[in-house]
1. Between beta-carbons, use under 12 Å as the cut-off and find the net charge around ARG45, counting Lys and Arg +1, Asp and Glu -1.
2. Among the GluC sites (Glu not before Pro) in segment 210-249, which ones are in a DSSP loop with at most 15 other Cβ atoms within 10 Å of the Cβ? Mind listing them?
3. Lys/Arg Cβ at +1, Asp/Glu Cβ at -1, dipole of segment 83-285 taken about the Cα centre: which of ALA214, VAL259, ILE110 is farthest positive-ward?
4. Could you work out the local net charge near GLY183, counting Lys and Arg as +1, Asp and Glu as -1, over the other residues with Cβ closer than 12 Å to its Cβ?
5. Work through the residues other than ALA287 whose Cβ is under 9 Å from its Cβ and net out their charges, Lys, Arg +1 and Asp, Glu -1.
6. Which percent, nearest 5, of DSSP beta bridges in segment 83-285 are antiparallel?
7. Count neighbours as other Cβ atoms within 10 Å of each site's Cβ, and list the chymotrypsin sites (Phe, Trp or Tyr not before Pro) in segment 189-236 that are DSSP loop with at most 15 such neighbours.
8. Tell me, what are the semi-axes, in whole angstrom and largest first, of the equivalent ellipsoid of segment 62-148 as set by the roots of 5 times the Cα gyration tensor eigenvalues?
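Only the coordinates and a few stated rules stand behind these numbers; no lab work does. Quick caveat, the model's predicted, so the values are computed rather than measured. Cβ sites come from the backbone with ideal geometry, for glycine too, and all protein chains shown count toward neighbours.
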Amino acid sequence: MRKLWAIRLAAPLVGRLPWLFYPVAAVAGWLAWWAQPRSRERVTRNMLPPCDGDPGRARRAGLQAFQNVARYWVDLASLPYRDMATFDRDHLRIIDHGGGIAALERPGPIVVVSAHMGNGELAIQAMNTRGRPFVALVEALQPPALSRKLVQMRSSGGGHFYAADFGGVRHCLEALKRGEVVGMMGDRDIQQTGLAVTLCGREVKLPRGPWELARRTEATVMPVFSTRSWTDRFTVHMEQPYRVACTDDPEVDIREALVRWVAVFEGHLRATPGQWAVLEDFWRVHANA
């Protein structure tokens with residue numbers, strides 16, 4: 001509950017003055033990095049595979065991840081006070097790697113699959129500024145009051161965010177049937193129903209939900225990844241959209257779609273590992289036991 005009250009008290013000030021608090025967040029992330037040796041070691045371990053085992057580069061990437069987590073809270077606090085109509089123009093540099101913008105301009109359902117890099121949520125928010133309403137799933141937190149508060153803050157920027165539970169999946173299905181956009185994260189198997197794939201030389205389980213939904217609704221899959229500058233300016237990479245196959249073997253179809261996304265994700269992860277703001281012991285938690 002302390003975190004909930006801290007958000008309620010600090011968010012209005014932080015949200016109105018994000019330009020002031022992004023440098024503060026960077027310092028807070030640096031302090032947390034040095035004050036929490038167990039977390040520091042855990043995140044450094046996370047960075048070793050994408051850094052090809054280079055411990056120095058892994059430590060530098062881990063520190064950057066800590067700072068980006070702190071900056072994320074400034075992002076979140078600022079959403080209710082931003083003009084999202086101009087956010088796309090002023091804060092995002094969108095790189096279309098092959099048909100992403102054209103897919104958004106065509107009617108039909110789209111599943112945007114991002115990762116915890118830069119700020120995937122803000123990258124998905126950009127869909128709304130392009131005239132495509134969206135819904136997105138986020139991890140449910142404890143206590144429930146904190147989870148509801150964060151969902152409310154995320155939804156204030158446009159679109160609708162829901163906890164990743166049965167009700168949230170139902171909202172996603174309804175949105176896709178209306179031809180809208182659904183945003184999901186593909187790099188953490190929080191439902192523990194994932195499929196085993198190879199990522200950065202390690203075998204891990206990643207979620208099957210995005211590909212299952214896309215196959216069921218015949219939606220286009222659009223991989224989207226973002227990188228952050230020192231403040232709230234992002235480069236958004238819209239990768240080539242594709243469709244999930246629909247053969248007589250759904251497991252093969254879903255796996256092939258997931259493996260295709262993982263290949264693109266791994267390229268971004270290896271290029272900018274410090275943008276990957278995952279603080280859990282990823283390779284252990286998501287290992288294919």
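1. Values: positive: ARG38, ARG40, ARG42, ARG59, ARG202, ARG284; negative: GLU41, GLU280, ASP281.
Result for the neighbourhood of ARG45: +3.
2. Values: sites: GLU212, GLU218, GLU239; in loops: GLU218, GLU239.
Here the sparse-neighbourhood loop sites are GLU218.
3. ILE110
4. Numbers: positive: ARG132, ARG154; negative: GLU121, GLU180.
Overall, the nearby charge balance is 0.
5. On the way: positive: ARG202, LYS205, ARG284; negative: GLU203.
It works out to a net charge of +2.
6. On the way: 13 of 34 bridges.
Counting only bridges with both partners in segment 83-285, antiparallel ones make up about 40 percent.
7. Details: sites: TRP211, PHE225, TRP230, PHE234; in loops: TRP230.
Those satisfying the criteria are TRP230.
8. Details: eigenvalues 119, 54, 41 Å².
In descending order the semi-axes read 24, 16, 14 Å.
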